[in-house]
Amino acid sequence: MPVSINKLRMLAGVVVVAVAGGSGYYMQTGHPGYSAPSSVRPSATVHAASPALVADQGPLAPVLPPRAETPPVTRAAARPVLLVPEATPALPVPEGREAGSLTPVAAEPVGEMPMPGSARYASRIADECEVGFTATAAPGAMVELTLEAPCRANQKADIFHAGTRFTVRLDERGLARALVPALEEEAFFSALFADGRAESTDILMLTAGDYRRFALFWKGETGFDLYALENGAEYGESGMVSAGQPYDARRALAGEGGFFTALGSGGPGAYRALVYSWPVRLGDFGPAPEISIEAEVLENTCGTEITAGFLATGPNTSGEVTPLFMEVPGCDAVGQYLVLKNPPLPVTIAAN
């Protein structure tokens with residue numbers, strides 16, 4: 001029975017963990033010391049000028065009147081200039097801290113990373129951890145996907161489209177790109193991270209109906225492969241289209257034949273997909289291509305059952321994913337192939 005995988009339309013919030021940093025202030029204790037002068041010299045006693053001195057200074061020299069003697073000013077009688085307390089009062093210490101534990105904190109430099117715990121720090125971390133997922137149309141009814149997640153560098157994400165699935169690995173900048181065949185006109189894509197965070201994007205691809213497309217996808221190292229034999233070609237001839245001889249969309253646009261797309265990376269346990277695209281208009285000039293699904297018998301799959309999903313889109317197709325089950329023969333058959341040509345829907349293959 002055909003199985004349809006539901007599309008994801010989720011947008012999760014960003015959790016930001018901000019590490020609180022210590023804070024304090026700089027305190028300078030005491031004032032520069034002041035000391036009162038040790039003594040103040042008394043004013044000099046002024047006497048009346050002698051007539052001889054007046055005569056020597058000339059007729060315009062002033063004559064000072066006689067003054068009484070001024071008593072000397074002592075330290076006890078002088079008014080203090082500055083009162084210095086014997087001990088400077090201590091500033092209050094915040095609860096939970098010991099006296100003397102306050103440390104200076106430098107001002108935050110402009111343009112550098114804000115202090116942990118501050119509002120600017122949380123805002124900057126949130127900006128850097130945003131996830132962007134965009135879709136752009138490309139020739140041959142292809143879609144260029146760009147997934148940007150700076151805080152998820154070197155992580156993996158699974159991409160879902162029309163029931164198919166493949167894995168991408170983000171680089172050290174948190175960036176991943178993939179050129180994906182559109183399997184529906186209203187092309188919807190979801191990116192799912194291991195922690196459950198999901199992003200989605202969509203694009204209208206009216207040219208998707210110009211192609212028949214056959215997609216095979218699976219998980220892990222299973223030995224699956226997909227081939228297309230055009231115009232009655234045999235294996236190894238120029239009419240064979242596969243991952244080893246993929247061509248590209250230019251071949252289809254020139255009316256010369258179909259092309260092949262391999263999707264997925266990420267190592268063991270990742271999902272991979274193979275998609276063959278064939279222009280519908282070529283059906284007016286020759287036979288339809290022969291589609292072949294194969295699985296090599298491997299040491300890790302011999303004697304087990306392997307599974308995959310198969311999807312065909314285009315005229316007279318349901319556009320639903322069909323489960324594929326293969327019973328792999330014993331390990332004495334390692335290196336041999338299980339082959340299914342022009343698979344019907346649904347499909348079950350049992351090895352003889």
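Just so you know, all these numbers are worked out from the coordinates, no wet-lab data involved. Just so it is clear, the structure is predicted and the values come from calculations on it, not from any experiment. Using ideal geometry, Cβ is built from the backbone for each residue, glycine included, and neighbour counts are taken over all protein chains shown.
Observations on the structure shown:
- Where only C-alpha atoms are counted, convex hull volume of region 158-235 per residue in Å³: 142 Å³
- Segment residue 172-residue 237, extension gain: residue separation times 0.36 nm, minus the distance between their alpha carbons: 19.4 nm
- Normalised contact order of region 132-350, rounded percent, pairs of Cα under 8 Å and 6 or more residues apart: 19 percent
- Here the gap between residue 204 and residue 137, fully extended at 0.36 nm per residue and compared with their Cα-Cα distance, gives a gain of 23.3 nm.
- Note, ³J(HN,Hα) from phi for region 222-229, Karplus 6.51, -1.76, 1.60, rounded to Hz, x at Gly and Pro: 10, x, 5, 7, 9, 10, 9, 10
- Proximal charge balance of residue 146 [Cβ under 15 Å; K/R count +1, D/E count -1]: -2
- The Cα trace of region 132-350 gives Rg and Dmax of 17.5, 51 Å, the first to one decimal, the second as a whole number.
- The value for region 211-292 of Rg(Cα) / (2.2 N^0.38 Å) is 1.12.
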